[in-house]
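The values are calculated or read from the model by the stated rules, or taken from the named source; none is laboratory data. Keep in mind that what you see is a predicted model, and the values were worked out from it rather than measured. Here the Cβ is made from the backbone with ideal geometry for all residues, glycine too, and neighbour counts use every protein chain on show. We work out accessible area using only protein heavy atoms, side chains counted, and drop any ligands, DNA or RNA first. Shrake-Rupley method; radii C 1.70, N 1.55, O 1.52, S 1.80 Å.
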Amino acid sequence: MESLFKLPDEYKALRESARALSEKKIAPFAQDVDANSRFPQEARDALQAAGLLAAHVPTEFGGEGADSLGVVIIIEEVARVCASSSLLPAVNKLGSLPLMLAGTPEQKKRWLTPLAQGKGFSYCLSESEAGSDASAMKTKAIKSATGWTLNGSKKWISNAGSSEFYTVLASTDPSKGSKGISAFVVEKSDPGVSFGALEKKMGFKGSPTREVYFDNVELNDDRRLGEVGSGFALAMQTLDHTRITIAAQALGIAQGAFEVATKYSHERKQFGKEIFDFQGVQFMLADMAMEITAARELTYAAAARSERNDPDLTFYSAACKCFASDVAMRVTTNAVQILGGYGYVNDYPVERMMRDAKLTQIYEGTNQVQRIVMARHLDDVN
Ligand code: COS
């Protein structure tokens, strides 16, 4: 009973070091990264130097072997100061998880080792006509004499062009629908791989998002992850684990906005007193604190399930992603409200946080998709 719901000390220490690093080496650049839509190079270098860029990579491949909760805490702390930067470790986990789940020992050694050394790993599932309906993808891998020939394109790919490696889902037998999809590792240097222009986004402006094109990309069969036809299930299984990192990101954004709003409410005086002294403002802050706490408990509970691969993981990961991102949207919107005119201009970070929060309700499955997933797993709630 004593340890029930109590975060073990090792995670507290991890939070402290991730927070110190984020405040010192990432926060000072967050506004510039957003304002100039530029790659957060300082964050990338600082995270790599500290072993936090792909901390989930097992120690046998040179990583830190951080568990699901450890990765959640790292992402949460980075997102608290700069959401764009927090996508670096999050995407590295997303891109490489199919390899960790289904790769052979040789495949793991081949790509996880350079990932731990700082090469990025992206995830290519979505297409222009296949977003929520992911299995409607048109990208095809056709069997060739030596392996596979890949043709098609993927859309909204985080860190595209910056990452060295890409897990690509492609149809290997269109007649079989979701059962005819397979997963491959594609390298940036493979002939026939190219990238579109940077998307101009509402938020997460420091994170490069591009289309990825495959024009007769020849892949040996050793690029295939798992069995032929198992790709869609692998993609969904991956998201079961990684949607939790989006909840972590949402949590961090919400926490950051909540702290700014609380501090401001004590500094700002109107009608002769701190605006904190108005009950209307206190109620807003109390609601923020309550919702963030609830989202954090749910996210950490999901992370523990991810680590154990519990049967109710699918429900928990969808629930925490949906809940935490909705919380982040409400919290950041209310933080802007508390700061009033100052909140709407970029003297303070809350307008950036509000723009960033929006994406967490959309990517790795819209919150409507999360509700579809939850509705299919209602029996897990008991
Ligand atoms: N784990 C393992 N396998 C899974 C799975 C999971 N969580 N979810 C589905 N599958 C497998 C099942 O094996 C299923 O086959 P069976 O019929 O044998 O059970 C197969 O995949 C097809 O699943 P389903 O019928 O549920 O697929 P749908 O086409 O109905 O799609 C949704 C389901 C909408 C939930 C799915 O397409 C989805 O998550 N879409 C959003 C994609 C997304 O998140 N995109 C964001 C881009 S990544 S940044």
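Cβ-Cβ distance below 6 Å, separation of 6 or more or different chains: which pairs start in region 348-367 with a residue that is in contact (Cβ under 8 Å) with a residue 24 or more places away in the chain and end on one that is within 12 Å of the ligand (Cβ to nearest atom) and among the basic types (Lys, Arg)?
The qualifying pairs are Glu364/Arg243.
Residues in region 209-225 that are on the phi > 0 side of the Ramachandran plot and open to solvent by less than 20 Å² (accessible area, probe 1.4 Å): how many?
Of the residues in that region, 0 qualify.
With (1) surrounded by 14 or more Cβ atoms within 10 Å (Cβ to Cβ); (2) over 26 Å from Leu4 (Cβ atoms) as the list, and Ala324 as the residue in question, which single condition is left unmet?
It is condition (2) that Ala324 fails.
Return yes when Ala335 is more than 16 Å from the ligand (Cβ to nearest atom) and under 24 Å from His56 (Cα atoms) and no when it is not.
When the stated conditions are applied, Ala335 does not pass them.
Can you tell me which residue in region 162-187 is farthest from Asn216 (Cα to Cα), limited to those that are open to solvent by 20 Å² or more (accessible area, probe 1.4 Å) and touching a Lys or Arg at 6+ places or on another chain (Cβ under 9 Å)?
Of everything passing the filter in region 162-187, Ser162 is farthest from Asn216 (Cα to Cα).
Could you tell me whether Leu251 is under 29 Å from Glu23 (Cβ atoms), of a type outside the set (D, E, K, R), in the same structural domain as Thr366 (by TED's automatic domain parsing) and surrounded by fewer than 21 Cβ atoms within 10 Å (Cβ to Cβ)?
Judged against the criteria, Leu251 is not a match.
Looking at (1) outside any strand (DSSP E or B); (2) under 22 Å from Ser96 (Cβ atoms); (3) away from the ligand (no atom under 16 Å from the Cβ), which is the one condition that is false for Phe204?
(3)
Does Asp277 count as open to solvent by 10 Å² or more (accessible area, probe 1.4 Å), away from the ligand (no atom under 14 Å from the Cβ) and in the same structural domain as Tyr166 (by TED's automatic domain parsing)?
no
Determine if region 29-36 includes at least one residue that is aliphatic (A, V, I, L, M), in contact with a Cys (Cβ under 8 Å, 6 or more places away or on another chain) and open to solvent by less than 70 Å² (accessible area, probe 1.4 Å).
Yes, region 29-36 has at least one match.
Return yes when Leu112 is within 17 Å of the chain's Cα centre (by Cα) and either in a helix (DSSP H, G or I) or modelled with pLDDT under 95 (or both) and no when it is not.
no
Listed residues Gly365, Gly340; which is of a type in the set (Gly, Ala, Ser), at positive phi and within 16 Å of the ligand (Cβ to nearest atom)?
Just a single option satisfies the conditions, and that option is Gly365.
Would you mind finding the one in Ala90, Ala102, Ala116 that is aliphatic (A, V, I, L, M) and under 26 Å from Ala295 (Cα atoms)?
Step by step, each of Ala90, Ala102, Ala116 is checked, and only Ala90 is aliphatic (A, V, I, L, M) and under 26 Å from Ala295 (Cα atoms).
Check Thr360, Thr332, Thr299 and return the single one that is open to solvent by less than 10 Å² (accessible area, probe 1.4 Å) and under 15 Å from Glu259 (Cα atoms).
Thr332
Examine region 260-283 for a residue that is within 30 Å of Ile73 (Cβ to Cβ), assigned to a loop (DSSP other than H, G, I, E, B) and of a type in the set (Gly, Ala, Ser), and state whether such a residue exists.
The answer is no, given that none of the residues of region 260-283 is within 30 Å of Ile73 (Cβ to Cβ), assigned to a loop (DSSP other than H, G, I, E, B) and of a type in the set (Gly, Ala, Ser).
Just the residues that are over 17 Å from the mean Cα position of the chain (by Cα) and within 10 Å of the ligand (Cβ to nearest atom), please, taken from region 222-238.
Ser230, Gly231, Phe232, Ala233, Leu234, listed by residue number.
Please go through region 335-357 and give me each residue that is surrounded by fewer than 15 Cβ atoms within 10 Å (Cβ to Cβ) and among the aliphatic types (A, V, I, L, M), ordered by number.
Passing the criteria: only Val345.
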